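Scroll down for the structure; my scribbles are underneath it.
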Amino acid sequence: MVKIRLPDGKVLEFPDGITAAEVVSTIGPGLARKTVAVRAAGQVVDLATRFSAGEIALQALTESDADALTVLRHSCAHVMAEAICALWPRTKLVYGPPVENGYYYDIDLDHNLTPEDFAKIEAKMQEIVKSDRPFTRYELPRSDALAKLEREGNEYKVDNAQRAEGDTLSFYVTGAAGSGCWEDLCRGPHIPSTGRVGAFKVMQVAGAYHHGDASRKMLQRVYGTAFFKKAELQAHLTQLEEARKRDHRRLGPELGLFTLDPLVGSGLVLWKPRGARERFELEGLMREQLMSRGYQPVYTPHIGRLDLYRTSGHFPYYRDAQFPPLFETDTARILNELWIAAYERGDENPAGPREMQLLEELKAIDARTYAVITTGAASGNASSPDKGEARRKYELGPGCTAHNQALIREHLREADGFLLKPMNCPMHIRIYASEARSYRDLPVRLAEFGTVYRYEKSGEVSGMTRVRGFTQDDAHIFCTQGQLQAEIADCVELTCNVLSLLKLKDFRVRVGLRDDADKYVGSRENWAAAEAAIRRAVQASGMPFTEEPGEAAFYGPKIDFVVRDAIGREWQLGTVQADYNLPERFDLSYIGDDNRPHRPVMVHRAPFGSLERFCAILIEHFAGAFPLWLAPVQAVICTVSEKSCEYAGVVFEAFRKAGLRVELDAGGERIGAKIRSATMAKVPYIIVIGEQEVAGGSINVRTREGKQLGSCEPAQFLAACALEIQTRETPDPAVAGQTTA
RNA sequence: GCCACCGUAGCUCAAUUGGCAGAGCAGCGGUUUUGUAAACCGCAGGUUGCGGGUUCGAGUCCCGCCGGUGGCUCCA
């Protein structure tokens, strides 16, 4: 006997070996028709699953269930894989899971699939769906399954099987068992038959490394999506189309906000006047917040000595992601290369050919420095005589990394290279270090809209969300251990404040912690303290968050605010990071109330993150229709005919003097055309001035949403705008979007 | 950086098998003096991303670069 407990609490009894499908039919034929899988004892399983003995909680998953859609998509991945295998029999299948908006299947195939192939694949898939073949599961003992896969000669499936857990492995035949139909190693579950796939589409193909490992073979990842109903697919495609219209890369240039110019360089943003205005207003908002929270503005240069970033650790750690350093002399260039080579060889190894080659180069261009470095002869500069016992020469044996690096840095004091600044923190740290600090001065909060440059990989650069030069709304807080948590909490609050002011609600909070990778610097104790402070601060905020090991910065844990763009990609915006390590690396201190030096702790934080990225997200968030206070152009005055031009000019001047960002359209177009172009430019207020307004000394106001607010006196309008701007009134774009649609 | 795809006027897109580079919008000039999402007429706009090659002939085929897009990898 099997007892089946239904969601409503009812318990039904069945003989052993009853299938889920039979149970569901007992409940009702209508339900049976709509059910594609069941959740039994918390696990989603096939309708063909048999139950025996005990009591099982069972829930039918119908087409409206999110989990059912996932099952469908997984099944559709099989249908697509079969279609591809039928068309290109050389195809080796790798891995085909459902994902958020559909599914993909990784394949290894020498023919590159192109969008033209998609139609062929879809036609074949349609045949498979039409034939309405059942998904039939069978299981083999692990060793038999492995032997079968080895025989079939697909090394990827063998690899999958080896990684799978359990004593038995399951296969799914798209057809009856033993029918010779297409089959795949698969954990399941699946829908009952291919005919249940109501609508599908092959979306795109992209490269993907096997196991995500860049050193392994690049596979083809074919993306598709599937739904139970055609209308749902159509709605999904329409939504994608709408999202593409909101894409900042399309709207930004269209609305004249920014431009990306290959002549200037990939990933380098040119902010045009309208985009710059948006940024200017955001910076204003942030400045107000910072001033009221005790931050002090600072300014630092865009370039700094390489040694600054050797000290911070950014230069060695992120070397590949930085613009190459600039050198005044070849000696400095070669010494820097030697420093890198010493760093890379590590303590275990003796000097390699790279170091020998660099020493030879040094010898050729600067015999004096070469001699000093290789023989340890007096260099004439600061090497202190009391340490003179140790030989001050470049060591070729193992175990000398620190010694060699220190030696080279000493020589680089004469003429070091410069690095385009990849981070603001080292500069802010040197401002902190420029004077003696008392515990009474702490926290010291140094803020700057600091532009940084990072050499992002060519395939990574994208619009304004991933660029090679960007401005952080950066600040660094230097505080005592005891102040740390409150400072982090204030940063979290500040970030939430600005996000909520902008009605940016759709974000998630990620707490990035360290894992066991060796990229992290500093002691375990300090990491534990920093992680505890971060965790407590975010818990205190009451926001939901996820903890993600491996997501920390190399110097400390962090809280990231992550949003999605119009096409569903996630981007980190705001960030708050606790850091015990840079103060140590730069030997920072303050004098405590015990009159002894203490080490401060740092908080790195940027509520917007990058202004480029933040503005990109805002463009998409508002679909280019910015609230009045952010709008590059707040009002356009449109004349009905030449007869009203003079008066319109007077109103225009008055508005401009009042500080409104206003434009005058007194051209020869008709009023309808002027309204259309102002509407498409997403200008919040459109002012119509014709002979009536001239006669009445009034204006007529219309919104970009098409609402006619009627006529009023110019002063009335100005006062209303002033209030709306001053309070930074920000309508929820989700609601605004509905009225414009 | 890797894999794939794409690149025609400022924008959106045409151009049969390799056979005279074209349209709409935007721009400019004129006519119209207009009342809430597109008046009319005209003009101009191009080394088809760049550089090679094949061919009698290349926007179209081949090679190399540059740029963009979608993923992968990375993201202080």
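The values are calculated or read from the model by the stated rules, or taken from the named source; none is laboratory data. Just so it is clear, the model here is predicted, and its values are computed rather than measured. Note: accessible area is taken over every heavy atom of the protein model, side chains too, but ligands, DNA and RNA are not part of it. Shrake-Rupley method; radii C 1.70, N 1.55, O 1.52, S 1.80 Å.
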TODO: Name the long-range amide H neighbours of A:Gln296: under 5 Å, sequence gap of 5 or more, or other chain; modelled H, no Pro or chain starts.
DONE: A:Arg445, A:Leu446, A:Ala447
Task: Note, ³J(HN,Hα) from phi for region A:460-473, Karplus 6.51, -1.76, 1.60, rounded to Hz, x at Gly and Pro - done: 8, 4, 7, x, 9, 7, 9, 10, 9, x, 8, 10, 8, 7
TODO: Filter the DSSP H helices in chain A by two things, a Kyte-Doolittle mean of at least 0.0 and an axial alpha-carbon span of 20 angstrom or more, and list the hits by number.
DONE: A:66-87, A:481-501
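Just reorder A:Val467, A:Val205 by solvent-accessible area, largest first, 1.4 Å probe, all chains present. The partial results should precede the final answer.
Values: A:Val467 5, A:Val205 45 Å².
Result, largest first: A:Val205, A:Val467.
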Task: Apportionment of accessible area to carbon and sulfur, region A:483-602, percent (1.4 Å) - done: 45 percent
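Dividing the alpha-carbon radius of gyration of chain A by 2.2 N^0.38 Å (N being the number of residues), what value is obtained? Spell out each step's value before the answer.
Values: Rg = 32.7 Å, N = 741, 2.2 N^0.38 = 27.1 Å.
Taking N as the residue count of chain A, the ratio is 1.21.
Could you give the accessible area per residue of chain A, probe 1.4 Å, as a whole number in Å²?
On the way: 34950 Å² over 741 residues.
I get 47 Å² per residue for chain A.
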Task: Gyration tensor (alpha-carbon) shape descriptor, region A:67-241, a/c threshold 1.5 - done: oblate
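When the accessible area of region A:614-656 is split by element with a 1.4 Å probe, what percent falls to carbon and sulfur? Before the final figure, lay out each step's value.
On the way: 730 of 1260 Å².
The value for region A:614-656 is 57 percent carbon and sulfur by accessible area.
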- [ ] Just the number, please: carbon plus sulfur as a percent of the accessible area of region A:662-741, 1.4 Å probe, no ligands or DNA/RNA counted.
- [x] 52 percent
Open item on the list: Through the Karplus equation 6.51 cos²θ - 1.76 cosθ + 1.60, θ set to phi - 60°, convert the phi angles of region A:259-264 into ³J(HN,Hα) values in whole Hz; use x for Gly and Pro.
Closed with: 9, 10, 10, x, 5, 6
- [ ] Hey, can you grab everything whose amide H is under 5 Å from the amide H of A:Tyr95? Only 5+ residues off in sequence or another chain; H modelled, so Pro and N-termini drop out.
- [x] A:Asp106
Open item on the list: Suppose we keep just the DSSP beta bridges with both residues in chain A; what percent of those would be antiparallel, to 5?
Closed with: 85 percent
Task: Inter-centroid distance (Cα atoms) of region A:548-592 relative to region A:168-192, Å - done: 46 Å
- [ ] On a C-alpha basis, how far is the centre of region A:602-671 from the centre of region A:509-542 in Å? Whole number, if you could?
- [x] 43 Å
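Hey, if we sort A:Leu109, A:Leu146, A:Leu326 by accessible area with the 1.4 Å probe, largest down, what's the order?
Sorted by accessible area, descending: A:Leu326, A:Leu146, A:Leu109.
In percent, how large is the relative contact order of region A:635-740, given Cα pairs closer than 8 Å and 6 or more residues apart? Please list the in-between numbers first.
Values: 140 pairs, mean separation 26.9, N = 106.
Taking the mean separation of contacting Cα pairs over the length of region A:635-740, I get 25 percent.
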